[in-house]
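> Handing you a structure now.
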Amino acid sequence: MKNIVELNQENLELIPSSVLVPSYNRDAVKTSIVHIGVGNFHRSHQAFYTDELMNKYGVLDYGICGIGLLDYDRKIYNILKDQDGLYTLLVKGHDGSYVARIIASIVEYIFAPENPIAVIEKMAHPDIKIISMTITEGGYNLNKATGKFDYSNPVIVEDMKNPNSPKTVFGYLSQALKLRMLRNIGGCTIQSCDNIQENGKVIKNALLSYVEKAEPQLATWIEANVSFPNSMVDRITPVTVIEDSELLNNEFLIDDQWPVVCEPFIQWVVEDNFINGRPKWEKAGVQFVENVIPFEQMKLRLLNAGHSILGFLGAIQGYETIDEAANDEEIIAFLKNFMDIEVSPTLGDLGELNLESYKESLFMRFKNNHIKDLISRICYESSSKVPIFLLSTLKDQLNTGGQISHLAFVIATWCRYNDGVDKNGKTYSIEDDMSNILIRAAAYSHQDPVRFIEIEKIFGDLSKNERFKEEFIKSLKMIREKSLQECLQLMNEKVNVL
Ligand code: CS2
């Protein structure tokens with residue numbers, strides 16, 4: 001019988017040589033980064049880059065302390081505790097090859113619901129130079145249409161009342177920064193790693209909005225002592241499934257309770273704006289630039305929007321994973337036209353970057369059928385994603401008089417997606433904090449299509465734009481009358497004729 005090794009520090013030396021293991025002394029690692037939200041993405045991205053730096057260059061002064069804010073984080077907390085912070089990253093290539101590597105850069109973890117004061121103290125510790133986060137698009141507590149901070153959210157109201165046992169990132173950050181100010185230990189960098197245009201600016205504005213009401217005396221100190229770099233983050237990281245753990249068992253003889261799977265591609269473009277120092281991540285491949293906005297725009301409007309499109313269309317067609325949708329010829333032809341005709345004209349100056357090869361590389365990545373990226377992951381919380389990934393492009397095209405037929409069609413497929421049933425009559429659930437509103441609006445839209453785009457919290461006043469309204473109604477009618485396949489054929493033929 002094969003000897004399967006439980007992953008933890010002590011067993012590292014028993015891990016088979018086919019697996020890359022950390023070559024550095026973990027005891028010598030000093031924690032300088034606090035990261036909120038240790039999900040799969042953080043583990044395949046920032047923690048990977050940091051581990052790379054430690055491994056290849058022996059840079060040991062930027063260890064990560066993970067923080068879990070939500071009750072949901074209890075599972076990862078328990079597992080990382082059990083595995084001494086170690087986990088396996090399984091990188092799966094297009095050709096079916098895979099590489100397993102043990103990541104060891106997360107050296108501490110605090111589960112906030114159990115010990116909020118410990119989290120505040122950790123963030124306020126003089127050694128901490130960076131507080132980074134992946135809290136999802138919805139985690140910034142903004143009105144989806146206006147981008148304004150939502151003071152009415154009951155957890156925000158609670159946090160303002162109970163500053164010593166906060167629940168939100170804003171409660172924690174403001175208390176920690178207050179301590180830093182009172183103790184005179186200087187500021188730090190707050191770094192968002194979420195898929196949001198100008199994510200640094202967004203977290204800054206959201207935090208300052210919170211602080212204005214909760215701790216008004218802190219605002220000017222934050223302005224002077226905290227920096228908020230914008231960044232573009234990228235690596236497709238699906239939900240881990242049982243088959244991944246089994247693969248690790250069978251091929252690499254590792255028993256890891258929660259490994260992470262990802263594609264080989266990785267990118268992180270960061271604005272070099274770190275007030276209290278930073279790791280030399282560039283050695284590990286991170287790009288530091290002066291202006292990250294065009295990179296963010298390109299990625300959000302092409303990759304993330306592309307994902308959402310594959311998600312909505314794929315769900316309606318009864319597909320389960322993104323690669324299935326991306327290998328459907330009509331869907332991919334539609335996606336190509338969407339990108340070329342309606343997104344590319346909105347992208348700013350990309351400098352040296354070759355947009356055509358970037359788009360080509362995206363199709364390759366979407367089609368990787370070894371990454372079983374679930375459509376349900378992509379469609380999860382779409383009400384927070386659509387305004388960022390799609391409506392920003394739509395607004396630009398409307399402003400410049402550019403084409404919008406594909407965009408309108410995509411929004412109509414999102415409406416159709418919210419019917420919750422695929423073309424074969426199989427139902428799926430709508431996982432979204434606005435699911436009630438979405439499902440109801442989609443139901444009403446059968447009689448009165450415009451009802452869907454009248455959801456003000458998402459669309460703002462877009463339903464008053466006659467051009468968009470007309471295109472949307474036309475698309476939704478077509479989707480409800482014909483099969484999606486036929487609709488796509490018609491859309492694709494139309495482009496070919498032009
Ligand atoms: C996805 C992203 O959640 C989504 O909708 O588009 O998680 C995507 O996989 C990553 O941003 C890739 O970098």
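The values are calculated or read from the model by the stated rules, or taken from the named source; none is laboratory data. Note that the coordinates shown come from a computational prediction; the quantities given were computed from them, not determined experimentally. Using ideal geometry, Cβ is built from the backbone for each residue, glycine included, and neighbour counts are taken over all protein chains shown. Remember, those area values only see protein heavy atoms, side chains included, never the ligands or the DNA or RNA. Shrake-Rupley method; radii C 1.70, N 1.55, O 1.52, S 1.80 Å.
> Distance between Cα centroids, the stretch 214-249 to the stretch 346-422: provide it in whole Å.
The stretch 214-249 and the stretch 346-422 have Cα centres spaced 22 Å from each other.
> To the nearest 20 Debye, how big is the dipole of the stretch 171-304 about its Cα centre, given +1 on the beta carbon of each Lys and Arg and -1 on that of each Asp and Glu? List each step's numbers first, then the result.
Values: 12 positive and 18 negative charges, 175 e Å.
Charge dipole, the stretch 171-304, about its Cα centre: 840 debye, nearest 20.
> If the only charges are +1 at each Lys and Arg Cβ and -1 at each Asp and Glu Cβ, what is the size of the charge dipole of the stretch 309-458 around the Cα centre, to the nearest 20 debye? Write down the numbers at each step before the final one.
On the way: 14 positive and 23 negative charges, 60 e Å.
Roughly 280 debye, rounded to the nearest 20.
> Can you list, bin by bin at 20 Å, the percent of alpha carbon pairs in the chain, starting at 0?
Using 20 Å bins, I get a P(r) of 22, 55, 23, 1 for the chain.
> Next up: How many Å² of accessible area per residue for the stretch 5-289, probe 1.4 Å? Show your work: numbers first, answer last.
Numbers: 11170 Å² over 285 residues.
On a per-residue basis, the stretch 5-289 sits at 39 Å².
> Can you list residues whose amide H is under 5 Å from V289's amide H, if they're 5+ apart or on another chain and H is modeled 1.01 Å from N?
Placed amide hydrogens put V270, E271, D272 under 5 Å from V289.
> If you place +1 on the Cβ of every Lys and Arg and -1 on the Cβ of every Asp and Glu, how big does the dipole about the Cα centre of the chain come out, in debye to the nearest 20? All intermediate terms of the calculation are to be shown ahead of the outcome.
On the way: 50 positive and 68 negative charges, 193 e Å.
The calculated dipole for the chain is roughly 920 debye.
> Suppose a student asked you for the relative contact order of the chain, using Cα pairs under 8 Å spaced at least 6 residues apart; what percent would you report? Present the calculation step by step, with values, prior to reporting the outcome.
Values: 844 pairs, mean separation 71.3, N = 498.
This gives 14 percent for the chain.
> Next question. Angle check, please: helix 466-481 long axis (alpha carbons) against the longest principal axis of the chain (alpha carbons), in degrees 0 to 90, nearest 10.
Around 80 degrees separate the two axes.
> How large is ³J(HN,Hα) for each residue in the stretch 401-417, as worked out from phi by the Karplus curve 6.51 cos²θ - 1.76 cosθ + 1.60 (θ = phi - 60°), to whole Hz, x for Gly and Pro?
x, x, 6, 9, 5, 5, 4, 5, 5, 5, 5, 5, 5, 5, 4, 4, 4
> On to the next question. What FRET efficiency comes out for the pair S97/L490, r = Cβ-Cβ distance, R0 = 41 Å, nearest 0.05?
Numbers: r = 40 Å, r/R0 = 0.97.
After rounding to 0.05, the efficiency reads 0.55.
> Mind jotting down the distance between the C-alpha centroids of the stretch 105-148 and the stretch 30-69, whole Å?
Centre-to-centre (Cα) distance: 14 Å.
> What are the residues whose amide H is under 5 Å from the amide H of I110, where those residues sit 5 or more places off or on another chain and H is modelled from the backbone?
G66, I67, G68
> Mind giving me the nanometre distance, one decimal, between the label points for N436 and A219, set 7 Å out from Cα along Cα→Cβ?
Taking the two extended label points, one gets 3.3 nm.
> Quick one: Karplus J couplings for the stretch 155-160, per residue in order, coefficients 6.51, -1.76, 1.60, θ = phi - 60°, nearest Hz, x for Gly and Pro?
Once rounded to whole Hz, the list reads 5, 5, 4, 4, 4, 5.
> Just to confirm the number: angle between the C-alpha axis of helix 46-57 and the first principal axis of the chain, 0 to 90 degrees, nearest 10?
Tilt of helix 46-57: around 50 degrees.
> Provide, as a two-decimal number, the C-alpha radius of gyration of the stretch 220-283 over 2.2 N^0.38 Å, N being how many residues it has.
On the way: Rg = 18.3 Å, N = 64, 2.2 N^0.38 = 10.7 Å.
That ratio works out to 1.71.
> Roughly how many percent of the accessible protein surface of the chain is carbon and sulfur, given a 1.4 Å probe and a whole-percent answer?
Working: 10190 of 20850 Å².
C and S atoms contribute 49 percent here.
> When the convex hull of the Cα atoms of the stretch 233-363 is projected onto a plane and the area is averaged over all directions, what value comes out in nm²? Numbers along the way, then the final one.
Details: hull surface 43.8 nm².
Over all viewing directions, the stretch 233-363 projects a mean Cα-hull area of 11.0 nm².
> Can I ask one more? Once you put a point 7 Å from the Cα of D27 and another 7 Å from the Cα of V450, both along the Cβ direction, what distance in nm separates them?
Calculated label separation equals 7.2 nm.
> Let me ask something additional. Please figure out what share of the DSSP beta bridges in the chain is antiparallel and state it in percent, rounded to the nearest 5.
Numbers: 13 of 41 bridges.
Counting DSSP beta bridges with both partners in the chain, the antiparallel share is about 30 percent.
> Would you kindly derive the ³J(HN,Hα) couplings of the stretch 191-201 from the backbone phi angles with the Karplus curve 6.51 cos²θ - 1.76 cosθ + 1.60 (θ = phi - 60°), listing them in order in whole Hz, with x for Gly and Pro?
Rounded to whole hertz, the list is 10, 7, 10, 9, 7, 9, 4, 6, 4, x, 5.
> Another one. Taking Cα centroids, how far is the stretch 277-298 from the stretch 450-498 in Å?
Measuring centre to centre over Cα atoms gives 37 Å.
> If the viscosity is 0.890 mPa s and the temperature 25 °C, what translational diffusion coefficient in µm²/s does Stokes-Einstein give for the stretch 321-386 when Rh comes from Kirkwood over Cα pairs?
Values: Rh = 13.4 Å.
Translational D for this selection: 184 µm²/s.
> Give, in whole angstrom and from largest to smallest, the semi-axes √(5λ) of the equivalent ellipsoid of the stretch 5-289, with λ running over the eigenvalues of the Cα gyration tensor.
Numbers: eigenvalues 212, 71, 69 Å².
Each semi-axis is √(5λ); the values are 33, 19, 19 Å.
> At a Förster radius of 51 Å, what calculated FRET efficiency corresponds to the Cβ-Cβ distance of Y358 and N164, to the nearest 0.05?
Efficiency, from the Cβ-Cβ distance: 0.60.
> Starting from the Kirkwood Rh over alpha-carbon pairs, what translational D in µm² s⁻¹ does the stretch 293-497 have by Stokes-Einstein at 4 °C and 1.567 mPa s? Mind dumping the intermediate values first?
Values: Rh = 17.0 Å.
Answer, rounded: 76 µm²/s.
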